[in-house]
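> This is the structure, below, for whatever I ask next.
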Amino acid sequence: MISHIVPISALLAGVALLLLGNGLLGTLLAVRGGVEGYSAPVLGLIGSGYFAGYLVGTAVAPPLIRRVGHVRAFAFFAAATAATALVHGLLVSAPTWIALRVLAGTALVSLYMIIESWLNSQAERDQRGKIFALYMVVNLGALALAQQLLRLDSPASFTLFAVSALFICLAVMPVAATRLAQPATTEPSQFSLKRLWREVPVAAAGSLLSGLTMGAFWGMGPVYAARIGLDGDGVALFMSACIVGGAVLQWPLGAFSDSRDRRSALAISALVAALSALPLLAGETLGMWSVASIALYGGMAFAIYPMAVAHLVDHLAAEDIVGGSSLLLLLHGIGAAIGPVLAGGLMALLGAKALGVHFVLAQLLLAIMAWLATRRGAEHIAEPAHFVAMLRTTPTVLEIMPTPEDFPPTEPPVASGQDGDDGAAPAAAERSGDPAAGDESPAEAATTTPEAIADGESEVEHAGDEATRRNE
């Protein structure tokens, strides 16, 4: 494994530095906006601007990357991101910040694309699962550590904006110095929203509602923490606790979802997430206990999106996985863009506790939808997917994500021609590369009728005569 990590260490260092800077900036803006007296709806718009830019960047970045190359594009977008970080501190104005967040989101998703396409080109088939997991660990670790940078100085000063820009600038150095060959930019396969909703409605709903809650957490979580009376260190601890909780619980929740109907696992996880968010309704009286509540909430909520992806992969053929997952990512991004605005509007009406209301309602809605789906009947999946811990990212990294054929089978696949399979068995056969997908299995041949046996014997005799003539 070390031999595979060393070549990509520059890319991992680049993304770690990038996320240190961007993770700090996102939380800093929410806290500084509160200091400036911005209302909750305005802070929600600022938070939504980043995710709106994220959606824009997925469309506009690939042509530029193809035209100028990965290294130049990385330097271009990193410079733009660092500049926006500095301008935030120089021009403290809500409309300016909203526009800057859209630019920052566009630039950041472009930087993600560049890094992830490089990782994809370096990920050999037998190592891509480990590389994907390592990349996600770097993401979560850098985001959690970035929150602690708030302790360096007061949010009211320019220092933290400069620190954010500094880390983003430093991210260019390891990437620009890498000797790795620049990869080709690929386009994901097409997959329609109508087909996604028809085949895996729970995955679609899970992705959208996960975006709705996670966008609200990133955009309004620091605002909530500040408004219930936590100081700068408390806000940093509040945000880090949620991220660390998400990192710690993803693997056990993933194993839990692999062992049962994925829809029931989603329902249970969403229900526990809703219950763990209930203490947040206490608002100011909760104090530092909010850290424990948000840690448990993050542990459950961070697992919703990767569970939705795993549920999608359960039902898709190999050639559709990237296209379908890209559509889930789009739904997550739409939810994340709406989430801060919706939570901000609720907080203007109900106060800080409205963030907890937002979390509870969204998670309860998902729990009910997933539970109702299980009532319609059991799923028949010949080759179930394996849960993979992940964050919302770009379509590019989905090509590194391990698929079912990368895992050793836990039990032999069971052939099933029953109604209600919804094509799961043929899809699994296509993923496994079986050229006989959909054909009669040996077990079925052994249980055929006497008439079929007689016909088969005559065909064998005819084939034997043909072989004898060829030999003569």
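The values are calculated or read from the model by the stated rules, or taken from the named source; none is laboratory data. All values derive from a computational prediction rather than experimental measurement. We place every Cβ from the backbone using ideal geometry, glycine too, and count neighbours over all the protein chains shown.
> Would you confirm whether any residue within the range 242-261 is assigned by TED's automatic domain parsing to the domain that holds Leu209, closer than 30 Å to Leu149 by Cα and of a type in the set (Phe, Trp, Tyr)?
Yes: one or more hits.
> Among the residues that make up the range 178-192, is at least one of them modelled with pLDDT of 80 or more and either in a helix (DSSP H, G or I) or acidic (Asp, Glu) (or both)?
Within the range 178-192, none of the residues are modelled with pLDDT of 80 or more and either in a helix (DSSP H, G or I) or acidic (Asp, Glu) (or both).
> I'd like the residue in the range 283-308 that is assigned to a helix (DSSP H, G or I) and over 23 Å from the mean Cα position of the chain (by Cα) and, out of all such residues, is nearest to Ala352 (Cα to Cα).
That would be Gly283.
> Please determine whether any residue of the range 36-57 is in contact (Cβ under 8 Å) with a residue 40 or more places away in the chain, under 18 Å from Gln148 (Cα atoms), surrounded by 24 or more Cβ atoms within 10 Å (Cβ to Cβ) and under 21 Å from the mean Cα position of the chain (by Cα).
no
> Let me ask something additional. Kindly evaluate Leu28 against the criterion of being closer than 16 Å to Ser164 by Cβ and modelled with pLDDT of 90 or more.
In short, yes.
> Only one residue in Ala267, Ala277, Ala225 is farther than 18 Å from His358 by Cβ, in contact with a helix residue (DSSP H, G or I) (Cβ under 8 Å, 6 or more places away or on another chain) and aliphatic (A, V, I, L, M), so which one is that?
Exactly one of Ala267, Ala277, Ala225 is farther than 18 Å from His358 by Cβ, in contact with a helix residue (DSSP H, G or I) (Cβ under 8 Å, 6 or more places away or on another chain) and aliphatic (A, V, I, L, M), namely Ala267.
Residue-by-condition table, conditions (1) closer than 17 Å to Ala13 by Cα; (2) at pLDDT below 90; (3) among the acidic types (Asp, Glu); (4) not in a loop (DSSP other than H, G, I, E, B):
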site: Arg125; (1), (2), (3), (4): no, yes, no, no
site: Ala133; (1), (2), (3), (4): yes, yes, no, yes
site: Val138; (1), (2), (3), (4): yes, yes, no, yes
site: Gly141; (1), (2), (3), (4): yes, no, no, yes
site: Ala144; (1), (2), (3), (4): yes, no, no, yes
site: Leu149; (1), (2), (3), (4): no, no, no, yes
site: Ala156; (1), (2), (3), (4): no, no, no, no
site: Leu160; (1), (2), (3), (4): no, no, no, yes
